[in-house]
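Read-outs throughout are calculated quantities, based only on the coordinates presented, and are distinct from any laboratory measurement. Model, not experiment: these values are computed from the prediction. All Cβ positions, glycine included, derive from the backbone under ideal geometry; neighbour counts span all protein chains shown.
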Amino acid sequence: MIVGIDVHRNYCEAASIDEDGKLIRRWRFKNQSEAIEEFLPNLPEGTRVAMESCSYFYPLYSQLERRGFQVCVAHPLKVKLIAESRNKNDRVDSLILAQLLRMNYLPTSYIPPEPTRQTRDLLRYRASLARQRTQVTNRIHRIPRSLS
C-alpha cells in the first residue's frame, strides 16, 4: 500500500492506493497526536508514505517513523511544478503524492535523524530566548532617565 498525506495545521487528508495506482481509501483526521494514533492502525506493515514538507508535518512524520514506516517527505516547490493542476484541493494533492511515490517521481526533501532534529529544536529555542533577552534589554535602555 502507498499513502499520500496532505498535511495542514489542523488536519490531514490521506489517500491510499495499491501498486497499480488504484484508489483504495481516503481518510481525513486531525493533526493531533491522539488522532494520528487512531489513524496509524489503518496502515499495514510495509506501507510507504509520502507527505509534503511544511511546518506542521513533524509530529506525523515522527510517529510514522517510530512505527517503522518508510516515509518520504516531498519537496513542496518541486512537487508543485510537477503536479500543477487546475483542480487542486486536499483530496487531489494527497492522491498525487501517493501516485508520485508509486512511480518513484517524488522529489524528496532531506529530513535529518531524530537526534539531529532534537538538537536543532533546542538551538532554535535558545536563539529565540536570546532574541527575547535582547528585546528586553533594549526596552530597559529606552526607559527615560527621569523614570528610573
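Couple of notes before you dig in:
- For the pair residue 124 and residue 62, label points projected 7 Å from Cα toward Cβ lie 1.1 nm apart.
- The angle between the Cα long axis of helix 90-102 and the main principal axis of the chain comes to about 70°, on a 0 to 90 degree scale.
- In order along the range 66-72, the Karplus-derived 3J(HN,Hα) couplings, from 6.51 cos²θ - 1.76 cosθ + 1.60 at θ = phi - 60°, round to 4, 7, x, 7, 7, 10, 10 Hz, and Gly and Pro are given as x.
- Scaled radius of gyration (Cα, divided by 2.2 N^0.38 Å) that the range 2-102 gives: 0.97
- Taking only the Cα atoms of the range 38-148, the ratio Rg/Rh comes out at 1.22, with Rh defined as the Kirkwood radius.
- Tilt relative to the chain, helix 114-142 - C-alpha long axis, 0 to 90 degrees, to 10: 30 degrees
- Non-local lysine pairs in the chain, meaning eight or more places apart or on different chains, with alpha-carbon distances under 21 Å, amount to 4.
- Dipole magnitude of the range 2-148, debye to nearest 20 (Cβ charges: Lys/Arg +1, Asp/Glu -1, about Cα centre): 1100 debye
- Set against the 2.2 N^0.38 Å expectation for a compact globular protein, the range 95-148 has a Cα radius of gyration ratio of 2.26.
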